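The values are calculated or read from the model by the stated rules, or taken from the named source; none is laboratory data. Not measured: the values here are computed from a predicted model. So basically every Cβ, Gly included, is an ideal-geometry build from the backbone, and we count neighbours across all protein chains shown.
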Amino acid sequence: MRARDNPFAVERIHAIRYRPLHTTFAKILTRLDELNYRAALVGPDGSGKTTLLEDLQQALAEKGIGTRMVFVNDTAPLPEPACRQLLSETTRDEILLLDGADLIPRSCWSLVKRHTITHASGLIITAHRPGLLPTLIECTTTPSLLQAIASELQPPDRPIPAESLDTLFHRHQGNIRNCLRDLYDVCAQND
Amino acid sequence: MDRLSIVLNEDKTAFAPRDTVQGTIEWNLEKNPRCLDLSLFWYTAGKGTRDVGVTENVRFEEPGSYGTKAFSFTLPDGPYSFSGKLISLIWAVELTCTPGSETVRREIVLSPTGHEVLLGEVPSEGRLPWSSNRAGGNPLESILGARR
């Protein structure tokens, strides 16, 4: 199977947006407003934090609220000089969206947290654990969620059995992203 | 209803390096756009992060709510259009309007043969593991397990 035809290709996965499990997107936005746009999306890897952050960015843009998104990960760290530059470029009418806040140095985090109180309209972060900012939502996954996502992506004529997806879900300890990567590989190995 | 279209001359979609891509864009929009952007670019699709390379971009400022324009792009030497199991590289001509979310894209092939280069053919049983009739065990499990 050509990569472009793989039903689990990245661009198709990216088209799947965040699905709140025990709440609604509208309630998330209301809660965010109550928290004065200073909040954390908390959850393990592959639970949808980044996807939700991107969805929030879109929703805020539709409300006319400006944002500045920064992605931090193991391959794209945020050293202190870059952090200071980021803060100097962030304006008072922007909300800073920081994906991977728990991966930046502690001194940088203190700076970001303090600076954005007066020099930005808000600070929304993702983190693996609670405690950095008030938790807006704890992102979780379930086997049913994986099944729902897979059913949208999978070849319609050859559905993946639910028990196989359950096995995959538990193998990856609920990391939906890694489950979908494995499903990509399975499809790539077969025509 | 907003409408954008790209018409390639002779409906040609296969090109060799340094060939010329010629065609016409057409637009019919409810509101006057600020500009139209026509781009020749390639992008990757597949398992990894998407990569993009824009080789040509033409902007039409204040084009009015409807009209047509001819275009001509000269293709570079590469990269060739190709597909493997992990990544595909796809060339396209894309027209977007600003403001608005309207976009239209025409895929083309760039290669010496005029066909997408296919990489890394690996013999397979020709069927998805979860649809196999092999007895015993979870078929997906066996595939995933064998890779680890």
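Details
- Residue in the range B:98-110 that is over 18 Å from the mean Cα position of the chain (by Cα), part of a strand (DSSP E or B) and either more than 12 Å from every other protein chain (Cβ to nearest Cβ) or in contact (Cβ under 8 Å) with a residue 24 or more places away in the chain (or both) present: yes
- Of all the residues in the range A:175-191, those that are in contact with a Leu (Cβ under 7 Å, 6 or more places away or on another chain) and part of a loop (DSSP other than H, G, I, E, B) number 1.
- Being more than 13 Å from chain A (Cβ to nearest Cβ), assigned to a loop (DSSP other than H, G, I, E, B) and of a type in the set (Gly, Ala, Ser) holds for only one residue in B:Gly53, B:Gly48, B:Gly78, and it is B:Gly78.
- Residues satisfying the stated conditions in the range B:14-33, i.e. within 30 Å of B:Pro99 (Cβ to Cβ) and in a loop (DSSP other than H, G, I, E, B): B:Leu29, B:Glu30, B:Lys31, B:Asn32, B:Pro33
- Search result, residues across the range A:133-174 that are in a loop (DSSP other than H, G, I, E, B) and within 14 Å of chain B (Cβ to nearest Cβ): A:Gln154, A:Pro155, A:Pro156, A:Asp157, A:Arg158, A:Pro159, A:Ile160, A:Pro161, A:His172
- Considering residues of the range A:84-102 that are out of contact with any strand residue (DSSP E or B) (no Cβ under 9 Å at 6 or more places or on another chain) and assigned to a helix (DSSP H, G or I) only, the residue surrounded by the most Cβ atoms within 10 Å (Cβ to Cβ): A:Arg84
- In the set (1) under 21 Å from B:Gly48 (Cα atoms); (2) surrounded by 12 or more Cβ atoms within 10 Å (Cβ to Cβ); (3) not assigned by TED's automatic domain parsing to the domain that holds A:Asp102; (4) not aromatic (Phe, Trp, Tyr), the condition left unmet by A:Ala15 is number (2).
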